Amino acid sequence: MMSLSTSVIFYDGVVSKPRQAQISPFDHNSVQVRYEEDGESIRQYQYQDMILIGALGELKPVIELPDDARIEFSDELPDWFELGNKKLHHSIWKLERSPTLILCSVLFMVAFAFGIVKWGIPQAAHIVAYQLPEQSLTQLGNEAERYVVDWTTPSQLPKSRQQQIQKEYLAYVAEGQPAQLVFRGGGQIGANALALPNHTIILTDELVQLAKNDQEIIGVLAHEQGHLIKRHSLQQALSSLGLSVLYVAITGDSSDLFTTMPLALAGANYSRNFEAEADQYALQTMHRHQIQVIHFANFLQRLGAEDESQDQNSPFKFLSTHPATPDRIKAVKAFEMKHQSQS
């Protein structure tokens with residue numbers, strides 16, 4: 001065994017002067033270091049006392065020793081060097097020096113990051129949204145509602161009209177899970193409807209005036225009820241906060257949400273999937289109460305036309321949280337045709 005040796009740089013832990021030395025195995029548990037210091041000096045070290053701190057990036061393998069001494073290798077650790085975690089460090093060291101492996105690592109990290117954004121964050125947002133207690137939902141929703149109140153004005157809709165819409169909401173939409181219906185003047189958000197997690201639906205005067213009949217308003221309220229039941233605004237706001245929601249999902253600490261969430265809730269722009277889900281909820285609700293769903297399609301069509309006439313640079317573009325797309329209108333008509341053929 002003593003015929004095996006490797007040249008190293010050795011620091012004796014007393015002075016900072018580097019010394020040329022030879023390291024060789026002594027037995028399966030220890031090595032010897034030979035260097036010149038007023039003649040030949042020999043030190044013996046146990047593997048169990050060594051700490052490998054190099055073999056990463058541009059660093060060469062470096063061994064820290066208990067007497068403040070240090071061994072620096074010029075290449076990877078020799079085969080006979082039986083340090084326990086040698087293989088892991090060598091694998092990382094080789095990986096960093098292989099162009100193919102580097103490229104594969106980069107591609108993996110890009111794919112992993114895409115997966116986190118595409119699926120990880122939305123799934124974590126879904127989990128967190130349904131784990132938050134009612135008290136937290138109320139607190140977040142109340143804060144978000146304050147923002148909406150600041151953006152809007154007191155309603156000018158006659159009380160009798162508000163009461164009529166409230167009555168129809170309770171009769172056709174609430175279905176045992178009534179929300180608080182709040183009427184506001186459009187102000188900065190114009191014709192709009194918002195569902196907030198404190199079980200509140202805000203309906204603007206402008207949206208009521210845009211509707212041709214009460215069936216259209218029922219369709220809008222049923223759509224907002226769907227957002228409430230599915231906690232869409234909460235999920236969308238959580239997703240918009242990015243990786244912070246993963247932290248909440250892992251640790252359960254949601255204290256920071258109360259400083260960042262309310263504004264995100266008030267201005268949440270729903271994803272296509274959330275819009276489609278809320279639309280289907282509205283259509284099913286209307287169908288159960290024998291209200292023709294074409295009224296909802298007609299209202300979406302009118303919203304789309306009105307949307308095009310709005311200032312595209314406005315931060316509160318007409319019904320920006322509910323884009324009236326042709327696909328949504330087609331989905332309503334497809335729903336209507338399906339149920340007509342079944343009747």
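The values are calculated or read from the model by the stated rules, or taken from the named source; none is laboratory data. The model shown is predicted, which means the values in this text are computed figures rather than measured ones. Counting neighbours? That spans all protein chains shown, and the Cβs are built from the backbone with ideal geometry, glycine included. The protein model used for the area step is the full one, side chains on, heavy atoms only, and it has no ligands, DNA or RNA in it. Shrake-Rupley method; radii C 1.70, N 1.55, O 1.52, S 1.80 Å.
Can you name the condition, by its number, that residue 184 falls short on among (1) assigned to a helix (DSSP H, G or I); (2) among the basic types (Lys, Arg); (3) within 12 Å of residue 202 (Cα to Cα)? Result: residue 184 passes all but (1).
Filtered by the rule that a residue be over 53 Å from the mean Cα position of the chain (by Cα) and outside any strand (DSSP E or B), region 4-36 gives 4, 5.
Of the candidates 118, 94, 60, the single residue that is closer than 30 Å to residue 19 by Cβ and either modelled with pLDDT under 70 or out of contact with any strand residue (DSSP E or B) (no Cβ under 9 Å at 6 or more places or on another chain) (or both) is 94. Under the condition of being part of a helix (DSSP H, G or I) and over 13 Å from residue 162 (Cα atoms), the residues counted in region 207-217 number 3.
Among the residues of region 311-325, are any open to solvent by less than 60 Å² (accessible area, probe 1.4 Å), of a type outside the set (Asp, Glu), at pLDDT 80 or above and within 14 Å of residue 220 (Cβ to Cβ)? Checked against the condition, which is being open to solvent by less than 60 Å² (accessible area, probe 1.4 Å), of a type outside the set (Asp, Glu), at pLDDT 80 or above and within 14 Å of residue 220 (Cβ to Cβ), region 311-325 yields no hits at all.
Taking the conditions (1) modelled with pLDDT of 85 or more; (2) out of contact with any helix residue (DSSP H, G or I) (no Cβ under 7 Å at 6 or more places or on another chain); (3) surrounded by fewer than 16 Cβ atoms within 10 Å (Cβ to Cβ) in turn, residue 71 satisfies each one other than (3). When each of 283, 263, 238 is tested for being of a type outside the set (Ser, Thr, Tyr), at pLDDT 75 or above and out of contact with any Gly (no Cβ under 9 Å at 6 or more places or on another chain), the lone residue that passes is 238. Contact map, region 139-151: residues that are in contact (Cβ under 8 Å) with a residue 12 or more places away in the chain paired with residues that are β-branched (Val, Ile, Thr), Cβ distance under 8 Å, separation 6+ or inter-chain. Pairs shown: 141/200; 145/182; 145/200; 145/202; 148/189; 148/202; 151/189.
Annotation note: Cβ proximity below 7 Å between a residue of region 9-35 that is assigned by the TED database to the domain that holds residue 70 and within 12 Å of residue 45 (Cα to Cα) and a residue that is of a type in the set (Gly, Ala, Ser) and assigned to a strand (DSSP E or B) (sequence gap 6+ or interchain) occurs for 31/24; 32/24; 33/21; 34/21.
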